[in-house]
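Nothing in this text is a laboratory measurement; each read-out follows from the coordinates by a stated rule. Predicted model only: the values in this text are computed from it and were never measured. With ideal geometry, Cβ positions are generated from the backbone for all residues, glycine too; neighbour counts draw on all protein chains shown.
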Amino acid sequence: MTEDDLIAAAREAAERSYAPYSNFAVGAALAFADGSVVTGTNIENASYGLSLCAETVAVSKAMANGVRGGLVRVAVTGPGVEPITPCGRCRQVLNELAQLGGTDPEILCVGPEQTHRVKLSELLPRAFGPASLG
Ligand code: THU
């Protein structure tokens, strides 16, 4: 799966966004070491605070399928003019899956004109994770 393919998968996922309140359709695509890809999109709720981000939905889908590591790359797309970066909660949720497999995934923050590449450990330094519980 190339970088462009992963970004395309995230954009395709965003087409299935349920975001009637923000009208801000986000897509996420997780790439794993075995070549598999799991996507997610944001799912909002009439009780606004219960809305789920695209990255959280993607991680939940993967973990519900039994995945427990191997996360090597993540693409996140949004409708804004700037590349979108995962929110704080999603950084923590991504970190759980990443730490389980001992990886530090590259996060592709995708905008209409440019893509920022950053490691998860840069977005969430000194992360609290499974290993922190001893
Ligand atoms: N959103 C995501 O899906 N991922 C992020 O990392 C940031 C925000 C969603 C949540 C909400 O449905 C919409 O974008 C506007 O905040």
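Positive end of the charge dipole of the chain (Lys, Arg +1 and Asp, Glu -1 on Cβ, about the Cα centre): tell me which of A75, S17, G49 has its Cα farthest that way.
G49
Once you charge only the Cβ atoms, +1 for Lys and Arg and -1 for Asp and Glu, what is the size of the charge dipole of the chain about its Cα centre, to the nearest 20 debye?
Using Cβ point charges on Lys, Arg, Asp and Glu, the chain gives about 420 debye.
Under a crude label model (7 Å from the Cα following the beta-carbon direction), how far is R117 from F24 in nanometres?
Calculated label separation equals 2.7 nm.
Just grab the label-to-label distance for S132 and M1, each label 7 Å out from Cα along the Cβ direction, in nm (one decimal).
With each label point 7 Å from Cα toward Cβ, the separation is 2.7 nm.
Just for the chain, what percent of DSSP beta bridges are antiparallel, to the closest 5?
Taking every DSSP beta bridge within the chain, about 75 percent pair in antiparallel fashion.
What Kirkwood Rh does the chain have if only Cα atoms enter the pairwise 1/r average? Answer in Å.
It works out to 14.6 Å.
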